Amino acid sequence: MPVLSRADTSTLGRWWWTVDRWTLVAIATLIGFGYVMMLAASPAVAERIGQSRSLFILKQVGFLAIAGAITIGVSLLSPRGIRRLAMAGCAIALVLTAATLVAGVEIKGARRWIALPGLSLQPSEFLKPCFAVVSAWLIAEGRRSHRFHGMAIAIGIFLLVALLLKSQPDIGMLAVITAVFFTQLFVGGLNLALVVLALGGSAGAGAGAYVLFPHVRSRVERFLDHAAGDSYQVTRALEAFGNGGLLGRGPGEGHVKDVLPDAHADFVVAVAGEEFGMIVCLLLLGVFGFIVLRGLLRLLAESDPFVVLAASGLVASFGLQAFVNMASTLHLIPTKGMTLPFISYGGSSVMAVALGMGMLLALTRRRHHGDVP
Amino acid sequence: MSAPPPKGPPGGAPEDRPPPAAPPPGAPAPRFGAPHDASVPRMETVRVTAPDLARRAALEKTRSRLVITAFCFALLFLAIAGKLALATIITPLTPHLPALASRPSEVPPAEPASDQQPLAPPAPPGHEQRAMITDRNGEILAISLPTAGLYADPREMIDPSDSAHKLKLALPRLDEAAVRERLSSEKQFVYLARQITPREQLAINQLGIPGVYFQPTARRRYPQGRAAAQVLGGVDVDGHGIAGVERFFDQRLREDPEPLRLSLDLRIQQVVHEELTRAIEDFNGIGGCGLVMDVRTGEVLAMVSLPDYDANEAGQATQEQRFNRAVTGMYEPGSTFKLQTVSMALDSGAVNIWNGFDASHPISIGRFTISDFEGKKRFLYVPEIIAYSSNIGAAHMAVAAGTDRQREWMAKMGMLSRIGIELPEVGSPLAPPASNWKEIATMTIAFGHGIAVSPLHVVVGTAAVANGGVRFRPTILAAEPDAKPREGTRVMQQTTSDTVRKLMRLVVTDGFGKNAEVPGYYVGGKTGTAEKSTRHGYNHNSRVDAFTSVFPMNAPRYAVYLMVDEPKANASSHGYATAGWVVAPSVGKVIARIGPMLGLLPDTEHAEEIHQALYIPLQPGKPAGSHPAPVAAAVARPDLTHPGSPPTGHLPAWPPQQEAAPRPSQPHDAAQPHDPRHEAQTAMPVAALADR
């Protein structure tokens, strides 16, 4: 990247000197690692998908390039632009999510996807970052003006989202969006009594999901029953980690990708663990942790409530997604299909993550006082 | 809480703390870079609006909450790091994928260790070894040897045709063109060869071809080759039993590594095999079958069916070779069944041993004629009927006992149901249904026609009438050394069995079975020559010759049965192709050879006593003081009225067995003279039944 002068007042120049370059580097690192993992897993995956390996690679190169472009492009926007983008995105995603119930493609008993030429889209993925920004704005605005019942509207939208996701059903996504919304409320200064109540409520909701949804129950039961060895996939994943050890078997020397259908997507960490070992996995985990902790702690210097709430929501969404993916691969929590941001193969999910990270970067750009968001 | 000092809210309100005292109150405060007259008066106090204060408090709270959130995320990520360390280096889960185990680095050393136990080869990792099958003495009949299957991943192939060429050099049985084609395919897994020996495995490994792998498998070997091939059956390429014992005990063999001990005795199996082979060759038979059974337990010591095949080459065996005549083949038993008829008649009390029947004329019933082979054409006593194998006499005897009684007897002896040995191939006997079991059927079944049972049925029946009257379900498994004796079902009185034993001995001493005699073993038995039935009736020139026997008759231990299918007469049999000439000599040879193996030495020292004990005259007299025979005078005549009867005065004392348990029952045939015309429509084709 050419060195930009501090005096450069072009859009790009201003962006370069105000954007959080450390986070940008961390995201670039993730995308780079995503390329490496795709090269490692591609032979087995190309075999499975029935495509040639080069086409597969080309596709993922395209996806990741688009993701990088989205991240940077969105981060060029002003907070106001972000707000508008999020509102539009949230509206479209809500409509599309509702449409999945009618016109969705049913895969494994759930209607979560909309088939588009070339890829199938999961609208709720895009709902996640957009709703985080919209709810942040509603909460902040409602606090600023007493006439505007922002909080009520935010809760209303949340309940609508929850209803849609429950109908799909996509309990995992619902849990993540709920956790993100709760994080925002918590950061926004929710009364501690209410925090305790909400935690209790979520525990109750979890128990409710366990009772109401058979697939949730079977997941949890398989997770708890150690003798049953959980699912085939998790056992294979753990074997892959064991096979990898400290330093790994070496690039391309892993076998888990041959036996796991989701090796390139939800279980990509297992491939990484087998081929590159614990140290590289810890480094990868460190990059995720760096993005999340830096994103949260940088907000301490931020005084605009909308920016704080939106950014904390985006960071929480990103961090939770990474956590759920790695934790379920490592048998820390019941299996929940969720991609690892920027690392897993896939179209729509990486776009959604890129959108969220672009929004985060845009919101956390250094601003002069008086830059009204 | 280490939040940095809060910045002022937008609008530029100064810090909320007392201003420095230096400037006097009310003095203008010039702003940097602004004209002096633009100075504003200094404020003494700063007013902070209530909403502003609230906003600041909220911001403080938000910052503390952000730190808490960050802390929570740090905990979550640390948990992942901890679990990652556990999963990778602290308690790694050992992979046991088959694909991993077969990779070259994991393959056990190709050279077999010299200190291996020959009887217990080590199982390949992750591969349960199928249990051995042994005979009763522990000789191995079937064993699984660890071998490897050769497969390849064509996508890892660098040069398929070069690899195929090299593999052909190391493994000459490969078809190079086929291998080249497989290696050039787009698949991920292609089989190249099964059953690779360790030596071949080493040679292939030394080629160093990438993408070629071994899969640990087991190969089922039958070290005894042809011995009991049909009994053992076989396994498919995946090691699942598909026939014989391998199939019947498939689950047991897979789950329990202990050897499965059969009741077969390999030595006896070989003897029976040899003698039967010789008999078939001598008389140009198309096949045959041999059985040896322990009459006191039902254990089968030998089961031979010819033609047979090498169990290791089961794939090449014909249907005919795989057919187990001993249990699957259903044959009309012929005269061997007269032992059943006489046992039934005597045990029921309908006939006494001193009774007899008129065999001077063939029986004409409907369109059938029952005649005798080389018949005496006179009145015959019961012992004579057995010794000379009179069909006419046997038919009369069965009619005297009655149709219902015969049917009950056959059911009791298991002749109407599957034999119950532990082999999947057991067949179902062919017998007339109860509704069609009329008098004509009774007559023909009396001499073993109109019913078809397996040779094992005949052996089990023979054992039961000879061993004291207890029927044992036959078994192919050896009894455990400490197991309690098997329990049979009593099917007849001990005294009846004692009499029938003497009759069986009489067949060998005075009847058609003389060629089976072995000095010192006191063989007893019964010949059976049945003409084979075809669609158009019986074929006079194709027969099934059988001899069923038990030895030693004074204390029965083993039943020996041989059968030759479609023998042709030769010089040694003086032109006869009947059981007495074809099979009986072979039975004698078998007994002479296996007796010592079974721990029975020929007892010639007590020959006279044993002979006396087993003696029964051909024409026994009625014991003095006995009740008159309850048999209808229409068919049986007291011996005294018969002109050819020997004087009864100096007959050896004949134990009046029937007197011990006199039966009040009256055979129904006695009261109802039979009109044969009503039986003309019987389904059993018994045209010209000439059984010898």
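If the cut-off is 30 Å between C-alpha atoms, which lysines fall inside it for B:Lys166, apart from same-chain ones fewer than 8 positions away? List returned: B:Lys187.
Defining a contact as two alpha carbons under 8 Å apart and six or more residues distant in sequence, what relative contact order in percent does chain A show? Provide the component values of the computation, followed by the final result.
Details: 518 pairs, mean separation 102.1, N = 373.
After rounding, I find 27 percent.
Cβ distances below 4.7 Å define possible disulfide partners, and in chain A the cysteines left without one are A:Cys281. Where a ≥ b ≥ c are the square roots of the eigenvalues of the C-alpha gyration tensor, would you call the range B:352-402 rounded, which needs a/c under 1.5, or, failing that, prolate if a/b is larger than b/c, or oblate? Taking the square roots of the gyration eigenvalues as a ≥ b ≥ c, the range B:352-402 is oblate. Can you give the FRET efficiency for A:Ala103 and A:Leu159, using 1/(1 + (r/R0)^6), R0 = 22 Å, r = Cβ-Cβ distance, to the nearest 0.05? For R0 = 22 Å, the calculated efficiency reads 0.40. Interface of A with B. Using a 1.4 Å probe and counting protein heavy atoms only, the two chains hide about 4000 Å² of accessible surface, both sides summed. When the trypsin sites (Lys or Arg not before Pro) in the range B:522-604 are filtered for DSSP coil states and for at most 13 other beta-carbon atoms within 10 Å of their beta-carbon, the remaining sites are B:Arg535.
Using a Förster radius of 25 Å, what is the FRET efficiency between A:Tyr232 and A:Ser120 based on their Cβ-Cβ separation? Nearest 0.05, please.
0.55
Quick one: grab the alpha carbon gyration tensor of the range A:67-214, order the square roots of its eigenvalues as a ≥ b ≥ c, and give me rounded if a/c is under 1.5, else prolate or oblate depending on whether a/b is larger than b/c. Verdict is oblate for the range A:67-214. Largest mean-square fluctuation among A:Glu125, A:Glu275, A:Glu221, in a Gaussian network model of chain A whose springs join Cα atoms under 10 Å apart, belongs to A:Glu221. Across peptide A:300-312, the mean count of Cβ atoms from other chains lying within 10 Å of each residue's own Cβ comes to 4. Distance between the 7 Å Cα→Cβ label points at B:Arg367 and B:Arg418: 3.7 nm. Of the trypsin sites (Lys or Arg not before Pro) found in the range B:145-184, the ones in coil according to DSSP and having at most 11 other Cβ atoms within 10 Å of their Cβ are B:Arg173. Shown is the FRET efficiency for A:Ala7 and A:Ala301, computed with R0 = 30 Å from the Cβ-Cβ distance and rounded to the nearest 0.05: 0.75. Straight-line reach from B:Lys622: taking Cα to Cα under 17 Å and skipping same-chain neighbours fewer than 8 places apart, the lysines in range are B:Lys502. Centroid-to-centroid, using Cα positions, the range B:216-283 and the range B:153-177 are 36 Å apart.
From the alpha carbon gyration tensor of the range B:250-384, can you work out the equivalent ellipsoid semi-axes (sqrt of 5 times each eigenvalue) and give them in Å, largest to smallest?
40, 21, 14
Pulled fully out, how much extra length does the chain show between B:Ala571 and B:Arg199, if you take 0.36 nm times their separation in residues and subtract their Cα-Cα distance?
Working it through step by step, the gained length comes to 128.5 nm.
For chain A, modelled as a GNM with alpha-carbon contacts under 10 angstrom, which of A:Tyr345, A:Tyr35, A:Tyr210 fluctuates the most? Most flexible of the set in this elastic network: A:Tyr210.
State which entries of A:Lys257/B:Lys168; B:Lys338/B:Lys412; B:Lys61/B:Lys83; A:Lys166/A:Lys336 exceed 27 angstrom in Cα-Cα distance in the structure shown. In this structure, A:Lys257/B:Lys168; B:Lys61/B:Lys83 lie more than 27 Å apart at Cα.
In the distance distribution for the range A:254-367, Cα-Cα pairs more than 18 Å apart total 53 percent. Build a GNM of chain A with springs between Cα atoms under 10 Å apart, and of A:Thr97, A:Thr335, A:Thr18 the one that fluctuates most is A:Thr18.
In loop segments of the range B:168-252 as defined by DSSP, the chymotrypsin sites (Phe, Trp or Tyr not before Pro) with at most 14 further C-beta atoms inside 10 Å of their C-beta are B:Phe189.
The values are calculated or read from the model by the stated rules, or taken from the named source; none is laboratory data. None of these values were measured; they are calculated from a predicted model. Glycine also receives a Cβ, built like all others from the backbone with ideal geometry; neighbour counts cover every protein chain displayed. The area values use the complete protein model at the heavy-atom level, side chains included, leaving out ligands, DNA and RNA. Shrake-Rupley method; radii C 1.70, N 1.55, O 1.52, S 1.80 Å.
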